[in-house]
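Undergrad: Got a structure for you, questions after.
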Amino acid sequence: MAEPLISLSGIRREYITGEDRLEVLKGLDLTIETGEMVAIMGASGSGKSTLMNILGLLDRPSSGSYRIRGRETSSLEGNELAALRREHFGFIFQRYHLLGELTARDNVEVPAVYAGTPREGRHKRARGLLQRLGLDGRADHRPGQLSGGQQQRVSIARALMNDGDVILADEPTGALDKRSGEEVLRILEELNAEGRTVIIVTHDAAVAARARRIIEISDGEIVGDRRTDGAPAAPPAPARTRDTRAGGRFGSLGEALRMALLAMNAHRMRAFLTMLGIIIGIASVVCVVALGEGSRQRVLSNISDLGTNTIEVFAGKSFGDVRSAKISTLVVADANALAGEPYVAAVTPTVSTSSVARYQSTEANALVNGVGAQYFLAKGTTLAAGRFFDADAVRTRSQDAVIDQNTATTLFGVDGDAIGKVIFLGSVPARVVGVAEPQQGGFGGNQNLSVFLPYTTVQTRIIGSQSLRSITVRVADDVSTDLAAQAITEFLEGRHGTKDFFILNTDDIRRAITSTTQTMTVLIAVIAVISLVVGGIGVMNIMLVSVSERVAEIGVRMAVGARRSDILQQFLIEAVLVCLIGGVLGIALALGFGAAFAQFQSNFSLIYSASSIVAAVVCSTAIGIAFGYLPAQRAAGLDPVEALARV
Ligand code: ADP
Ligand code: MG
């Protein structure tokens, strides 16, 4: 003889709460054949639901044997139980337990999603079932928009979705009015007539009377087992061909993604607030990197304006040397001697002082630079008008001046002609012979007014000292700047007997600035990453709250056949999605900030690198996984029975 569909022997279930052991099922023996319609009847608290949960593989007995078609279930592990659940059982609950965020059709389809049925087949079957249960027009309604009877019919459709042979209904009419309850019972009878095994749990004798076999339990023991139709044995099971077969995990990732979006949509505000930490974190990381890059490139372009292969020799030990003003060892003779060195293309001594520049009644503070005739060559200065002064002018201490565009505009107006005009620097008159083009950027900014005179003139007439502030050297094209800097150091040390000067070489500056901005960027990025971690902890926090809020949903999903890995995946995807969307919004925010910044600040822009944006996306995904894992695991680890009980 074939194995019975369900066979229980010696089933015990006890709950241990603290010190107390409560034995709810006290050794049940029970066999149910395919095609039976069984009512399990008993008073409230007699252990009916406990038995039902064990039958449906949601709960395990403390001891005893439960075999389904001869297959012992006590040794099966979680995924195998979930598979059996999907394949054999359809649950109907007293309180329907539909997922509130899904439409009726989607609710019906959930078991098939976990079974891996392809989308087309799923839709078709759900449509058919809803039609059969008189819910054609309601497929797109959410549970909240349906009456109790309609909801229970949706849940029946869901129980039928995977075409399981056994329908388990726990007080299916308990929450319904008489008419809806009657309808549900009629449907159950119909399903039984088709060959399905129907097991109804009820405390209501009238409901139990509709079954063909009534098993009475009281206080965890079977006290009666009778047939209402008087038939001696179970009717022969009509051969049923199942019309769906569990496939692989087809499309389950896409489904999980859809579920996650639905869940987020249902709690938009919360999702947004959760994202906020990520948004701010990502936006600041991207902005900081772009700021660092922007400032680095701007400084570097300023440096290249200085001329790529110039070296400046300054008096003193370093910038800010308080004695450098008093050091008078750097003299014109040094510059002249350097000019004879083979690696030098051009040399110019430089002195500078600030002075009031005046033309008629217009006055302004200007930086007066005393330079050699080769200065303009060394610096690569170009003229807007007029000419440079030459070596003769330097020798004769002529009072010819080259002024920059700022000075020209300040003293002569935008359209004024400066050439040939006499201006006063303090009390010293000078004739303007040339106007220099503005030098892009340049250290000290381009707001300064600069006036260039022969250094001889500045030394004798304005400063009254022979010492130099600096010597600018343009290195010959075929010589490396570093080598030249070394040679100049040795050369001047030889002349001075000591190193009372320092050398700034543009390569050095470039390197120093690059490394400084890199250090800054790394530092600020570390702070931004810390803020991201804080954001991630926020995500974890909210996800944990969300898990405890959705315990019932998780229970329902498990009851209809979700594996623990499905639940884990769903919550993980939600966390990743929150972080990813937050990341994308953060990047958008950063780009928006850059655009706004560009509106106000024209000579400096944020430079976004693709790598920092990619890193931001990767980072937010990683945060989602890292901080979503704990909540997702907590969700997946829930006990389905306890989860279902918490509604
Ligand atoms: P019924 O469905 O017949 O009303 P149940 O099977 O739900 O009864 O419960 C049977 C008994 O088991 C009750 O006394 C109930 O208090 C107890 N019980 C149910 N679940 C738990 C649990 N998780 N922990 C402790 N006791 C429980
Ligand atoms: Mg109950």
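Undergrad: What are the DSSP H helices in the chain that stretch 24 Å or more along their long axis, judged by alpha-carbon atoms, and whose average Kyte-Doolittle hydropathy comes to at least -1.0?
TA: Answer set is 268-305, 506-549, 564-600, 610-636.
Undergrad: Using just the C-alpha positions of the chain as equal point scatterers, what log10 of I(q)/I(0) does the Debye formula give at each q in 0.06, 0.07, 0.09 1/Å?
TA: Normalising to I(0) and taking log10 leaves -0.57, -0.63, -0.80.
Undergrad: May I pose another question? Could you give the size of the charge dipole of the chain about its Cα centre, using +1 on the Cβ of each K and R and -1 on the Cβ of each D and E, expressed in debye and rounded to the nearest 20?
TA: Working: 64 positive and 65 negative charges, 135 e Å.
Taking the Cα centre of the chain as origin, the dipole is about 640 debye.
Undergrad: Also, I was wondering about something else. In whole percent, what relative contact order does the stretch 388-435 give with Cα contacts below 8 Å and a gap of six or more residues?
TA: Reported as a whole number, the value is 41 percent.
Undergrad: In the chain, which longest range has no GluC sites (Glu not before Pro) that are both DSSP loop (not H, G, I, E or B) and surrounded by at most 16 other Cβ atoms within 10 Å?
TA: It runs 195-647.
Undergrad: Let me ask you something else. With charges only on Cβ, +1 for K and R and -1 for D and E, what is the dipole size of the stretch 328-499 about its Cα centre, in debye, rounded to 20?
TA: Approximately 560 debye in magnitude.
Undergrad: Okay, helix-only estimate at 222 nm for the chain: each DSSP H run of n ≥ 4 adds -39500 (n - 2.57), divide by all residues, round to 500 deg cm²/dmol; what do you get? Please report the intermediate quantities before stating the final value.
TA: Working: 19 runs with 296 residues, N = 647.
The helix contribution divided over the chain gives -15000 deg cm²/dmol.
Undergrad: Can you give the FRET efficiency to the nearest 0.05 for Arg119 and Ala266, using r as the Cβ-Cβ distance and R₀ = 25 Å?
TA: Rounded to the nearest 0.05, the efficiency is 0.65.
Undergrad: Work out, step by step, the length gained on full extension between Leu276 and Thr489: first 0.36 nm times the residue separation, then minus their alpha carbon distance; give nm to one decimal.
TA: The span from Leu276 to Thr489 would gain 71.1 nm if fully extended.
Undergrad: Determine the dipole magnitude for the stretch 503-635: charges of +1 sit on the beta-carbon of Lys and Arg, -1 on that of Asp and Glu, nothing else is charged, the reference point is the Cα centre, and the result goes in debye to the nearest 20.
TA: The calculated dipole for the stretch 503-635 is roughly 240 debye.
Undergrad: Rg and Dmax of the stretch 1-111, using alpha carbons, in Å: what are they?
TA: For the stretch 1-111, the Cα-based Rg and Dmax read 15.6, 47 Å.
Undergrad: How much FRET efficiency would the formula 1/(1 + (r/R0)^6) give for Arg95 and Asp507, where r is the Cβ-Cβ distance and R0 is 56 Å, rounded to 0.05?
TA: Computed FRET efficiency for Arg95 and Asp507: 0.15.
Undergrad: What whole-number distance in Å separates the alpha-carbon centres of the stretch 379-410 and the stretch 139-179?
TA: 94 Å
Undergrad: Let me ask something else. Could you work out the relative contact order of the chain, using alpha carbon pairs under 8 angstrom and six or more residues apart, expressed as a whole percent?
TA: In percent, rounded to a whole number, it is 17.
Undergrad: May I pose another question? Determine the relative contact order of the stretch 6-248: mean sequence separation of Cα pairs under 8 Å and six or more apart, normalised by residue count, in whole percent.
TA: Relative contact order of the stretch 6-248: 30 percent.
Undergrad: Round to the nearest 0.05 the FRET efficiency obtained for Asn336 and Ala588 when R0 = 45 Å and r is the Cβ-Cβ distance.
TA: 0.15
Every read-out reported here was derived from the displayed coordinates using simple, explicitly stated rules and does not represent laboratory data. None of the values given here were measured: they were computed from a predicted structure. Note that we place each Cβ from the backbone using ideal geometry, even for glycine, and neighbour counts take in every protein chain shown.
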